[in-house]
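Just so it is clear, none of the values below were taken in a lab; they were calculated from the coordinates. Worth saying up front: this structure is predicted, and the values here are computed from it rather than measured. Positions of Cβ are generated from backbone atoms using ideal geometry, with glycine treated the same way; all protein chains shown enter the neighbour counts.
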Amino acid sequence: MIKAYPEWITADGDYSLWMIGSILAWPIAMVGWGFLKDLMIVSEARRLHPVEQTTPTAASSIVLRTWRDAEFLAVAHMQQIGYPDAQDTGRGSDGGIDAEADAAIAQVKMLSRPVGRPDVQRLVGAAERGKQQDLLFYSLQGYTRQALEFADSRGVLLFQFDRRCMVWAVNQAARDALKRPRT
């Protein structure tokens, strides 16, 4: 006789394990879909804005563990790309600025999700009015499409980094900045 049901379902019709599996599968599938959707957004952003890897900073033997490590990485990268007076703004409320130089300010986000447009807007809002400064943004997880579009419209330099201290340009403004002669 050929069985029409899996062996774990008893012959008397006990579907309890099947029901438990079905109940648990739905939330797991929804979490998976959210993750997949985020990956699709990031991959679309990368397709629209291809990245170019830069050389590792002097701190490349370090593994980033905290947001403070990420801020120090941004300062080192800023110094490497032509802002020799870049420095960390210190702990605490920084008004959206984590690193600064005479000619630039930077925000650093070490989030578990891509940076959105509101964060980039806050950096633009934190810039001193009337002072010519480059605006740099550093993100561990990249940027949403809306953040990329807004940054492109305002000339914000977007960089992404990983936990091994590799930093790369995400948008054209950042790639152009890397091509400028260093001071």
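Under 12 Å from a label point set 7 Å out along the Cα-to-Cβ vector of residue 172, the amide N atoms of region 147-164 belong to 152-155. Between residue 126 and residue 179, what FRET efficiency follows from the Cβ-Cβ distance if R0 is 22 Å, with the result rounded to 0.05? Once the sixth-power term is evaluated, E becomes 0.25.
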